[in-house]
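The structure appears below as structure tokens.
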Amino acid sequence: MKQYFHSVELDADKCCGCTNCLKRCPTEAIRIHKGKAHILSERCIDCGECIRICPHHAKRAHSNPLEDIEQYKIKIALPAPALFGQFNNLDDIDIVLTGLRAVGFDFIYEVSRGAEIVSELTRNMIRDNKLRKPIISSACPAVVRLIKIRFPELCGNVMPLLAPMEVAAKLARREVRGMTGLDDKDIGVFFITPCPAKVTEINSPNHAEKSAVSGAIAISQLYPALTHAMDHLTTVESIAKSGLIGVGWATSGGEAAAMLGEKYLAADGIENVIRVLEELEDDHIRDVDFIELNACSGGCVGGVLTVENPYVAQARIHNLRKYLPVSLNHLDEKDVDAMLWEKELTYNAESFALSDDIMEAMEMMDKMEKICADLPGLDCGSCGAPTCRAMAEDIVKGVAKETDCIHKLKAKIQSVYDQLSSTL
Amino acid sequence: MSSIHLHYDVSGEDFTRAGEASGSVKKRLKALGYNTDAIRRVAIAMYEAEINMVIHAEGGFVDVDIYPDHVDILMSDKGPGIPDVEKAMQEGFSTAPDNVRNLGFGAGMGLPNIKKYTDDMRIETKIGVGTDLYLTVKVNQ
């Protein structure tokens, strides 16, 4: 079986086996077994909802500590635009970028620069009518993974373009190679990430064998060192090269607005995203050319690895954009090939299919329906599965038994008790 | 076992609930690892027909039989019946009221769309009695 990399991990010592993450997971990828949460690898999309909800902080995202940049001769930081919404009273992006220089990075390349180039190429592709409409943005890796495991017929609608992070990494590498003459292996490219899905995307990309990014540092982890550095700057360097289009990608609707057209739609928050995808699958959403979907509420500013309330961050991004030019980065036609996906997005049926043999799957489903009809239907999660239906599925798969249901067990004990009392 | 049988009652009172049956069938077909093109066609056809049942017929019931190589669907209602089936099959013909059109439905694409996405479609309708819509979606090898 294929191995999946996930950036969402469990700290078993902190997990008390409550049902918070179980009930929140949008792909039913969590089970509680022997008092601890387990992630079903083939279903997890690394959206980070479990990290957000866990009251015991038992879920965490695997990301790189800042020290990891020391392995490289040249250290490049790729700040996500969401980073700029994390600071109070910030009126100049260069303060953040100079702060990144102060914490140890040699070269800064804003992901928003890549975003402007991706927006331009997307506009060209829509204009040239080369893609199946409506085109679904490929920028949010959690959404792309969700489509890959749950929406087979929509795989072909996903924009076959690298996300801005990847484009920025390639361009930054090229620039630094040109400046220093160094090899790629000596250049460390670190994404300053708002979310765990991006960490997964770096380690196990949807679009290619290997990512151009070396690692990811969580905004929340970098925040103390970065704010300290920003408070102690003596000069502010002029580094920033993005316009309002690129910075706008930090919030929901920013990418869609960059299409400069009218027939677009932007949805954020994983439940809303799922509703849109379901309706798209049913052919109910028509007359739309482009669909921007963000797994987090508010867009990337709502990422689980950010520190600021997403709506506060959104307001700040809005303010920062006021004084920026429209766009400062433009597509070089020579780069187009390098921006396309190396491999097609293919549906991964095994995530939800009961069996790869349809006859066997039908038999299993028949049993499942019967088991399900006999369960209490409370979806309480006490058995360790998120719903009674999920439990019935687990029973059919042989990984759970009916008496894992506490209501079933209670009824059984009651009947034994009744029998005993009648004989006494 | 030759098929999986599913039954749904479709409520005629609430638009927002239209799509529940097709959504449930879609989920089950995916769990069966069913042919993805067939899943899509079943989903679209059923969704359209469900909307029709809500708009025109105050609900009804749906019976679905899933076979390894095809899906049979019966959508049955006790609505007013379709006076002129041939006319109803024309693209753009609609008798939907304005409040329904405002929601983006009732564009007169329902029946033509259902026909387009299914391999077989049969309508049995009687004025004042109701309409039975029989649909078959085959797995294209």
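Which of the following residues is under 30 Å from B:Lys26 (Cα atoms) and assigned by TED's automatic domain parsing to the domain that holds A:Leu83: A:Ser252, A:Ser220, A:Ser242?
A:Ser252
Go through A:Ala218, A:Ala212 for me and flag whichever is farther than 30 Å from A:Arg286 by Cα, touching a residue at least 12 places away in the same chain (Cβ under 8 Å) and in contact with a helix residue (DSSP H, G or I) (Cβ under 7 Å, 6 or more places away or on another chain).
A:Ala212
Can you work out which of the residues in segment A:317-345 that are hydrophobic (A, V, I, L, M, F, W, C) and crowded, with 16+ Cβ neighbours inside 10 Å is nearest to the chain's Cα centre (by Cα)?
Only one residue tops the list, namely A:Leu345.
Could we say that A:Ala313 is within 14 Å of chain B (Cβ to nearest Cβ), within 25 Å of the chain's Cα centre (by Cα) and assigned to a helix (DSSP H, G or I) here?
In short, no.
Taking the residues in segment A:253-310 that are modelled with pLDDT under 90 and either within 14 Å of another protein chain (Cβ to nearest Cβ) or assigned to a strand (DSSP E or B) (or both) as candidates, determine which candidate is surrounded by the most Cβ atoms within 10 Å (Cβ to Cβ).
Applying the filter and picking the extreme gives A:Asp282.
Look at segment A:352-383 and say how many of its residues are closer than 16 Å to A:Arg43 by Cα and more than 9 Å from chain B (Cβ to nearest Cβ).
Within segment A:352-383, residues that are closer than 16 Å to A:Arg43 by Cα and more than 9 Å from chain B (Cβ to nearest Cβ) number 0.
Name the single residue, out of those in segment B:13-34 being more than 9 Å from chain A (Cβ to nearest Cβ) and surrounded by 19 or more Cβ atoms within 10 Å (Cβ to Cβ), that is farthest from A:Val396 (Cα to Cα).
Per the criteria, the residue is B:Ala18.
Restricting attention to segment A:157-196, report how many residues are small (Gly, Ala, Ser) and touching a strand residue (DSSP E or B) at 6+ places or on another chain (Cβ under 9 Å).
Within segment A:157-196, residues that are small (Gly, Ala, Ser) and touching a strand residue (DSSP E or B) at 6+ places or on another chain (Cβ under 9 Å) number 4.
Would you mind stating whether A:Ala168 is under 13 Å from the mean Cα position of the chain (by Cα) and closer than 25 Å to A:Val247 by Cβ?
Against the criterion (under 13 Å from the mean Cα position of the chain (by Cα) and closer than 25 Å to A:Val247 by Cβ), A:Ala168 does not qualify.
Those residues that are in contact (Cβ under 8 Å) with a residue 60 or more places away in the chain and more than 14 Å from chain A (Cβ to nearest Cβ), I need them from segment B:48-73; list them, please.
Residues satisfying the conditions are B:Ala57, B:Gly60, B:Asp72, B:Ile73.
Where residues in segment B:37-47 are within 7 Å of chain A (Cβ to nearest Cβ) and closer than 22 Å to B:Ile82 by Cβ, which of them is surrounded by the most Cβ atoms within 10 Å (Cβ to Cβ)?
So the residue we want is B:Tyr47.
Looking only at segment A:102-112, decide whether some residue is hydroxyl-bearing (Ser, Thr, Tyr) and crowded, with 23+ Cβ neighbours inside 10 Å.
Looking through segment A:102-112, at least one residue is hydroxyl-bearing (Ser, Thr, Tyr) and crowded, with 23+ Cβ neighbours inside 10 Å.
If you scan segment A:34-69, which residues turn out to be part of a loop (DSSP other than H, G, I, E, B), touching a residue at least 60 places away in the same chain (Cβ under 8 Å) and of a type outside the set (Asp, Glu)?
Passing the criteria: A:Arg43, A:Ile45, A:Cys47, A:Gly48, A:His62, A:Ser63, A:Asn64, A:Pro65.
Cβ contacts < 8 Å: first residue without any contact (Cβ under 8 Å) to a residue 40 or more places away in the chain, restricted to segment A:391-410; second residue surrounded by fewer than 15 Cβ atoms within 10 Å (Cβ to Cβ) and not in a helix (DSSP H, G or I), any location; separation 6+ or different chain. Result?
What qualifies is A:Ile395/A:Lys401; A:Cys405/A:Pro376; A:His407/A:Pro376; A:His407/A:Leu378; A:Lys408/A:Pro376.
Among helices (runs of 4 or more DSSP H) lying entirely in segment A:70-184, which contain 3 or more residues that are within 14 Å of chain B (Cβ to nearest Cβ)?
A:141-150
Just the residues that are at pLDDT 90 or above and either under 19 Å from B:Val10 (Cβ atoms) or touching a strand residue (DSSP E or B) at 6+ places or on another chain (Cβ under 8 Å) (or both), please, taken from segment B:64-103. So that I can check it myself, show each step before the final result.
Residues of segment B:64-103 at pLDDT 90 or above: B:64-77.
Across segment B:64-103, the qualifying residues are B:Val64, B:Asp65, B:Ile66, B:Asp69, B:His70, B:Val71, B:Asp72, B:Ile73, B:Leu74, B:Met75, B:Ser76, B:Asp77.
Which one of these is over 26 Å from A:Gly261 (Cβ atoms) and crowded, with 24+ Cβ neighbours inside 10 Å: A:Leu162, A:Leu83? I'd like the intermediate steps shown before the answer.
Numbers: A:Leu162 fails: over 26 Å from A:Gly261 (Cβ atoms).
From the options A:Leu162, A:Leu83, the qualifying one is A:Leu83.
With A:Asn329, A:Asn348 as the choices, which residue is touching a residue at least 40 places away in the same chain (Cβ under 8 Å), closer than 30 Å to A:Thr387 by Cα and of a type in the set (S, T, N, Q)?
Only one candidate passes the filter, namely A:Asn348.
Residues are listed down the side, and each one gets a yes or a no for (1) closer than 15 Å to A:Asn64 by Cβ; (2) modelled with pLDDT under 95; (3) not assigned by TED's automatic domain parsing to the domain that holds A:Gly254:
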position	(1), (2), (3)
A:Glu153	no, yes, no
A:Ala225	yes, no, no
A:Ala229	no, no, no
A:Leu233	no, no, no
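Which one of these does A:Gly381 not meet: (1) exposed (fewer than 15 other Cβ atoms within 10 Å of the Cβ); (2) outside any helix (DSSP H, G or I); (3) in contact with a Ser or Thr (Cβ under 8 Å, 6 or more places away or on another chain)?
Unmet for A:Gly381, out of (1) exposed (fewer than 15 other Cβ atoms within 10 Å of the Cβ); (2) outside any helix (DSSP H, G or I); (3) in contact with a Ser or Thr (Cβ under 8 Å, 6 or more places away or on another chain): (1).
The values are calculated or read from the model by the stated rules, or taken from the named source; none is laboratory data. Quantities reported herein were computed from a predicted structural model and do not represent experimental measurements. Cβ atoms come from the backbone with ideal geometry, glycine included; neighbour counts cover every protein chain shown.
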